[in-house]
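> For reference, the structure I am asking about is given below.
The values are calculated or read from the model by the stated rules, or taken from the named source; none is laboratory data. All of these numbers come straight from a predicted model, not from anything done at the bench. Methodologically, a virtual Cβ is constructed for each residue, glycine included, from the backbone with ideal geometry; neighbour enumeration extends over all protein chains shown. With ligands, DNA and RNA removed, areas are computed over all heavy atoms of the protein, side chains included. Shrake-Rupley method; radii C 1.70, N 1.55, O 1.52, S 1.80 Å.
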Amino acid sequence: MKIKNPKLTKTRQDKIISLVSRYWKRLLLAALCMIVVACANGAMALLVKPVMDDIFIRRNREMLVLIPGVAVLVFFLKGAGSYGSEYLMNYIGEKVIRFFRDSLYEKIIDLPIAFIHKEKTGALMSRITNDVNIVKGMVSTAVINVFRDFFSVLAFLFVIFYRDWKLALGAFIVLPLAFYPIVLFGRRVRKFSTGTQETMADLNSFLHETFTGSKIIKIFNLEVFEKKRFKKKTKELFRLEMKKVIAKALSSPVMEFLGGLGIAFIIWFGGLRVINGTSTPGTFFSFLTAVMMLYDPVKKLSKLNNTLQEGVASATRIFDVLEEESFIVEKKSPEILKGNFFEVEFDHVGFSYNENEEPALNDINLKVAPGEVLALVGMSGGGKTSLVNLVPRLYDATCGNVLIAGKNVKDISIKSLRDHISIVTQEPILFNESVKDNIRYGKMNATDLEIEKAARAAYAYDFIKGFPKGFDTVIGELGSRLSGGEKQRICIARALIKDAPVLILDEATSALDSQAERVVQKALGNLMKGRTSFVIAHRLSTIDYASRIILLKNGSIKEQGTHEELMAEKGEYFKLQAMQAAKGLNN
Ligand SMILES: Nc1ncnc2c1ncn2[C@@H]1O[C@H](COP(=O)(O)OP(=O)(O)OP(=O)(O)O)[C@@H](O)[C@H]1O
Ligand SMILES: [Mg+2]
């Protein structure tokens, strides 16, 4: 895998900063708490001198009471400041997380289907669950550390120079050695973080696919194959994680060792000054304490760099989705569709899913009159689904125009366009809600009575009543108990309750047996009266009520007319009929 070195662009940085600065009052308060912590830290190092010189050497009894009292106060202030800053910064972090989660979800739901198909579902999910958390780490943890540790470093530096500036100057020739590895290790961690995040996203989508497709895996005996594929992915993840671990784990000991060299120098040089009488033991120990305490915030600041790098990698992936431009856009002041009878027209329509692929539709010219029932037939892959998808703008035609009621669909508000179209998709899609709510998706304000009516019309009423809780049964509770035909009929009920003037039925009844299909089709036939309807069917016997039949082959209209006309033509339609008759599909 190619590992990139991510960087946030200026506009993205500005976005994060403006997001965080909304909470400036809390930020200010948090900074204040951090300054309290830093001052308390400095005070602790300062206290070492009076403890040493006044209590141990001069044996001053007053100080014996005073200093512990001050120590208690210092520790209390440090604790309170610590709590305040942690609470406030995490509050801001969680707010930012929530903002990103909400905006990601809103963005992804609004993006065209083609985008969701192109990106893997698991990878998109990982943006909302995983990446967002890492950005929180960057915003809250890192920001707490940067301020608190920065202030602490300042406090300790003050103590160090205040106690013995000559010794301090000497030490600072040696100590910066410990800083160089911070830069070095940070870079490596950033590199591998991007790699692990991408592999994790890949793993997520793999899990999603194989769990939902577990039936196929079992039937085709692919368990061993899938296990191997999974192990290959976890192996790659392991490799990258270990590289990250090495870079992270090495950074502390290397810095500690180099820091140790600095401490050794201080003991030698500082000790010499105490022996010579130019310094007191209290000064020396206070100095040493400050240097030792300095190490901790510096080490944390080095980790902060790692957290920042990980955060940048995740933020980049989040922004990539957030800034994705929708290619199905609405006009500035779109028209609103009104009325109940719509003509649908395809005017020299061509469509391809991908630029360099064969087009799925070629030069389609077709006028469907208001209230006409049009049947679409043809071999699989002929372009039937692709054609009907252009009407509600699930996809946009690559060339030519799709018109509804004489208006280009691109000129109409997307909401008003889709409000007037009802669809039963080729794969029945139900959500994990109650049966009632699933049907209600077609009309959010439907009454229970209307829902039951729609269910009856779709011949779904009886089997729904047989469920443990009837219409209130949650789809998930049924497990995989719902048959294909039952799912289809719930979907039909959902489409019917919408009562839209344009109806699209894409193999809506294909999972039913011929007899049940005919009954449902008949009911649908009644409902289609007065609506401009597109009916896609493989079983030709079920569409004999259509006023016109279109035969699509390789994305073009090959034949059109009534059943009788097409039979008389003895072309493709006739061949299809003959093939199905031979298979006994017509009964
Ligand atoms: N999401 C997609 N991305 C790329 N190509 C696609 C996509 N969906 C369909 N195609 C291709 O477009 C062509 C037409 O497919 P379409 O689904 O419209 O056929 P269909 O007539 O509905 O077939 P079926 O009867 O099997 O449902 C096919 O070659 C198919 O491979
Ligand atoms: Mg199809």
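> Only one of (1) aliphatic (A, V, I, L, M); (2) in a helix (DSSP H, G or I); (3) surrounded by 20 or more Cβ atoms within 10 Å (Cβ to Cβ) fails for A582. Which number is that?
(3)
> Hey, another quick one. Scan the stretch 382-425 residue by residue and report those that are farther than 27 Å from E559 by Cβ and without any contact (Cβ under 8 Å) to a residue 24 or more places away in the chain.
Across the stretch 382-425, the qualifying residues are N408, K415.
Conditions tested, residue by residue: (1) over 25 Å from R393 (Cα atoms); (2) of a type outside the set (D, E).
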site: E477; (1), (2): yes, no
site: G485; (1), (2): yes, yes
site: C491; (1), (2): no, yes
site: V520; (1), (2): yes, yes
site: V535; (1), (2): no, yes
site: R539; (1), (2): yes, yes
site: K558; (1), (2): no, yes
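> Another question, then. Can you tell me which residues in the stretch 267-279 are within 14 Å of K166 (Cα to Cα) and either assigned to a helix (DSSP H, G or I) or in contact (Cβ under 8 Å) with a residue 12 or more places away in the chain (or both)?
The answer is I267, W268, F269, G270, G271, L272, R273, V274, S279.
> I'd like to verify a number: residues in the stretch 412-427 that are loosely packed, with under 15 Cβ neighbours inside 10 Å and within 16 Å of ligand 2 (Cβ to nearest atom), how many?
1
Residue by residue, here is whether (1) away from ligand 2 (no atom under 16 Å from the Cβ); (2) open to solvent by 20 Å² or more (accessible area, probe 1.4 Å); (3) at pLDDT 95 or above; (4) farther than 23 Å from D419 by Cβ holds:
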residue	(1), (2), (3), (4)
P370	yes, yes, no, no
V377	no, no, no, yes
G382	no, no, no, yes
L390	no, no, yes, no
T398	yes, yes, no, yes
V402	yes, no, yes, no
K407	yes, yes, no, no
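> Could you look through the stretch 525-564, keep only residues that are open to solvent by 50 Å² or more (accessible area, probe 1.4 Å) and within 12 Å of ligand 1 (Cβ to nearest atom), and pick out the one that is farthest from I404 (Cα to Cα)?
H538
> Any residue at all in the stretch 485-493 that's assigned to a helix (DSSP H, G or I), surrounded by fewer than 19 Cβ atoms within 10 Å (Cβ to Cβ) and of a type in the set (G, A, S)?
No, there is no match, as no residue in the stretch 485-493 is assigned to a helix (DSSP H, G or I), surrounded by fewer than 19 Cβ atoms within 10 Å (Cβ to Cβ) and of a type in the set (G, A, S).
For (1) of a type in the set (D, E); (2) more than 20 Å from L157 (Cβ to Cβ); (3) outside the structural domain of G137 (by TED's automatic domain parsing); (4) touching a Ser or Thr at 6+ places or on another chain (Cβ under 8 Å), each residue gets a yes or a no:
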{"position": "M255", "(1), (2), (3), (4)": "no, no, no, yes"}
{"position": "I263", "(1), (2), (3), (4)": "no, no, no, no"}
{"position": "W268", "(1), (2), (3), (4)": "no, yes, no, no"}
{"position": "R273", "(1), (2), (3), (4)": "no, no, no, yes"}
{"position": "S279", "(1), (2), (3), (4)": "no, no, no, no"}
{"position": "F285", "(1), (2), (3), (4)": "no, no, no, no"}
{"position": "L288", "(1), (2), (3), (4)": "no, no, no, no"}
{"position": "K300", "(1), (2), (3), (4)": "no, no, no, no"}
{"position": "E310", "(1), (2), (3), (4)": "yes, yes, no, yes"}
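> Sticking with this one: Can you name the helices (runs of 4 or more DSSP H) wholly within the stretch 96-178 that have at least 1 residues being assigned by TED's automatic domain parsing to the domain that holds E256, within 16 Å of ligand 2 (Cβ to nearest atom) and surrounded by fewer than 17 Cβ atoms within 10 Å (Cβ to Cβ)? Working first, answer last.
Numbers: elements: 113-118, 121-126, 132-136, 143-163, 165-174.
Fully inside the stretch 96-178 and qualifying: 113-118.
> Further, regarding this structure: Open to solvent by less than 10 Å² (accessible area, probe 1.4 Å), modelled with pLDDT of 90 or more, hydrophobic (A, V, I, L, M, F, W, C) and not in a loop (DSSP other than H, G, I, E, B): is that true of L503 in this structure?
Values: open to solvent by less than 10 Å² (accessible area, probe 1.4 Å): yes; modelled with pLDDT of 90 or more: yes; hydrophobic (A, V, I, L, M, F, W, C): yes; not in a loop (DSSP other than H, G, I, E, B): yes.
Against the criterion (open to solvent by less than 10 Å² (accessible area, probe 1.4 Å), modelled with pLDDT of 90 or more, hydrophobic (A, V, I, L, M, F, W, C) and not in a loop (DSSP other than H, G, I, E, B)), L503 qualifies.
> Moving on. Determine whether L366 is within 13 Å of ligand 1 (Cβ to nearest atom) and assigned by TED's automatic domain parsing to the domain that holds L551.
On the way: within 13 Å of ligand 1 (Cβ to nearest atom): no; assigned by TED's automatic domain parsing to the domain that holds L551: yes.
Spelling it out, it is not the case that L366 is within 13 Å of ligand 1 (Cβ to nearest atom) and assigned by TED's automatic domain parsing to the domain that holds L551.
> With the structure loaded, tell me whether P428 is within 30 Å of S541 (Cβ to Cβ) and either part of a helix (DSSP H, G or I) or touching a residue at least 12 places away in the same chain (Cβ under 8 Å) (or both) or whether it fails that test. Lay out the reasoning, then the answer.
Details: within 30 Å of S541 (Cβ to Cβ): yes; either part of a helix (DSSP H, G or I) or touching a residue at least 12 places away in the same chain (Cβ under 8 Å) (or both): yes.
Against the criterion (within 30 Å of S541 (Cβ to Cβ) and either part of a helix (DSSP H, G or I) or touching a residue at least 12 places away in the same chain (Cβ under 8 Å) (or both)), P428 qualifies.
> Still on this structure: Can you tell which of S302, S314, S286 is part of a helix (DSSP H, G or I) and modelled with pLDDT under 85?
Working: S314 fails: modelled with pLDDT under 85; S286 fails: modelled with pLDDT under 85.
Step by step, each of S302, S314, S286 is checked, and only S302 is part of a helix (DSSP H, G or I) and modelled with pLDDT under 85.
> Among T199, T210, which is the only one that is part of a helix (DSSP H, G or I), in contact (Cβ under 8 Å) with a residue 24 or more places away in the chain and not assigned by TED's automatic domain parsing to the domain that holds K299? Give the derivation first.
On the way: T210 fails: in contact (Cβ under 8 Å) with a residue 24 or more places away in the chain.
Criteria check complete, one pass: T199.
> If S82 satisfies every condition in (1) within 16 Å of ligand 1 (Cβ to nearest atom); (2) open to solvent by 10 Å² or more (accessible area, probe 1.4 Å) but one, which is the exception?
That leaves (1) as the condition not met.
> Name every residue in the stretch 340-358 that is more than 31 Å from the chain's Cα centre (by Cα) and either open to solvent by 40 Å² or more (accessible area, probe 1.4 Å) or over 16 Å from N408 (Cα atoms) (or both), in order of residue number.
Pass one, the stretch 340-358, residues more than 31 Å from the chain's Cα centre (by Cα): 340-350, 358.
The answer is N340, F341, E343, E345, D347, H348, E358.
> Could you figure out which of (1) of a type outside the set (V, I, T); (2) within 16 Å of ligand 2 (Cβ to nearest atom); (3) in a helix (DSSP H, G or I) isn't true of Y353?
Y353 satisfies all of (1) of a type outside the set (V, I, T); (2) within 16 Å of ligand 2 (Cβ to nearest atom); (3) in a helix (DSSP H, G or I) except (3).
> With the condition kept exactly as written, say whether any residue in the stretch 246-269 is open to solvent by 80 Å² or more (accessible area, probe 1.4 Å), within 30 Å of R58 (Cα to Cα) and not hydrophobic (A, V, I, L, M, F, W, C).
Looking for residues that are open to solvent by 80 Å² or more (accessible area, probe 1.4 Å), within 30 Å of R58 (Cα to Cα) and not hydrophobic (A, V, I, L, M, F, W, C), one finds none in the stretch 246-269, hence no.
> Hey, another quick one. Output the qualifying pairs, or none if there are none: Cβ atoms under 7 angstrom, residues six or more apart or on different chains, first residue in the stretch 219-230 and open to solvent by less than 100 Å² (accessible area, probe 1.4 Å), second residue assigned to a helix (DSSP H, G or I).
E223/I217; E226/T210; E226/I217; F230/F206
> Of all residues in the stretch 57-79, how many are open to solvent by 80 Å² or more (accessible area, probe 1.4 Å), in contact (Cβ under 8 Å) with a residue 12 or more places away in the chain and not aliphatic (A, V, I, L, M)?
Result for the stretch 57-79: 1.
> Output the number of the condition that P359 fails; it satisfies all remaining conditions of (1) modelled with pLDDT under 95; (2) within 16 Å of ligand 1 (Cβ to nearest atom); (3) touching a helix residue (DSSP H, G or I) at 6+ places or on another chain (Cβ under 9 Å).
(3)
> While we're here: Taking the stated definitions as given, is L240 within 33 Å of the chain's Cα centre (by Cα), surrounded by 17 or more Cβ atoms within 10 Å (Cβ to Cβ) and at negative phi?
Values: within 33 Å of the chain's Cα centre (by Cα): yes; surrounded by 17 or more Cβ atoms within 10 Å (Cβ to Cβ): yes; at negative phi: yes.
It is true that L240 is within 33 Å of the chain's Cα centre (by Cα), surrounded by 17 or more Cβ atoms within 10 Å (Cβ to Cβ) and at negative phi.
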